[in-house]
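Visitor: Dropping the structure in here first, questions after.
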Amino acid sequence: MAKLPNNTIWSDRKRTLFGLPWSFTKYILTDDKLLIRSGVLSQREEEIRLYRVRDLELKRSFRDRLDRVGTIHVCSSDNTAPEIDIRRIKHSRDVKDMISDQVEKMRTAHNAVEMYTNTPHFHDDPGDLSDAL
């Protein structure tokens, strides 16, 4: 069994039927990255640096609410995993807030700023480009 990093803030397993942790997917939040470890015989580990996280969304279906779990959808600027889900975890709202707080700390530490694109707004008439210039 893989050892947890020394700087681990939170870890949990994906929950299955009735919110029980019968899964081979483990989520780990450290002070600077989010790790997802999955698999039994063949294992895979995905890593996202927290300063690259752009957006977090909490999803809780009716079944999730019955099982007292939720899914956190993470959008990032990571090339290999631009979107991931932290599926069916306990205390999902608290974990989302914890990740959000760590993301802000890492952005500050890395002087990272969110980049917004400024796209011109076009009217219904494609021939009228006066607002776009």
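Visitor: Is region 73-81 home to any residue that is modelled with pLDDT under 95, closer than 21 Å to residue 110 by Cβ and among the hydrophobic types (A, V, I, L, M, F, W, C)?
Guide: yes
Quick grid of which residues meet (1) in contact (Cβ under 8 Å) with a residue 12 or more places away in the chain; (2) surrounded by 14 or more Cβ atoms within 10 Å (Cβ to Cβ); (3) of a type outside the set (Lys, Arg):
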{"position": "48", "(1), (2), (3)": "yes, yes, yes"}
{"position": "64", "(1), (2), (3)": "yes, yes, yes"}
{"position": "76", "(1), (2), (3)": "yes, yes, yes"}
{"position": "79", "(1), (2), (3)": "no, no, yes"}
{"position": "89", "(1), (2), (3)": "yes, yes, yes"}
{"position": "93", "(1), (2), (3)": "yes, no, no"}
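Visitor: Somewhere in region 10-25, is a residue in a strand (DSSP E or B), touching an Asp or Glu at 6+ places or on another chain (Cβ under 8 Å) and touching a residue at least 12 places away in the same chain (Cβ under 8 Å)?
Guide: So the first thing to find is which residues in region 10-25 are in a strand (DSSP E or B), and the list is 10-13, 25.
From the residues that got through so far, the ones that are touching an Asp or Glu at 6+ places or on another chain (Cβ under 8 Å) too are none.
No: region 10-25 contains no residue that is in a strand (DSSP E or B), touching an Asp or Glu at 6+ places or on another chain (Cβ under 8 Å) and touching a residue at least 12 places away in the same chain (Cβ under 8 Å).
Visitor: So residue 55 passes all but one of these: (1) part of a loop (DSSP other than H, G, I, E, B); (2) free of Cβ contacts under 8 Å to residues at least 24 places away in the same chain. Which condition number does it fail?
Guide: Unmet condition: (1).
The values are calculated or read from the model by the stated rules, or taken from the named source; none is laboratory data. Because the structure is predicted, anything quoted here is derived from the model rather than measured. Note: ideal-geometry Cβ built from the backbone for every residue, glycine included; neighbour counts use all protein chains shown.
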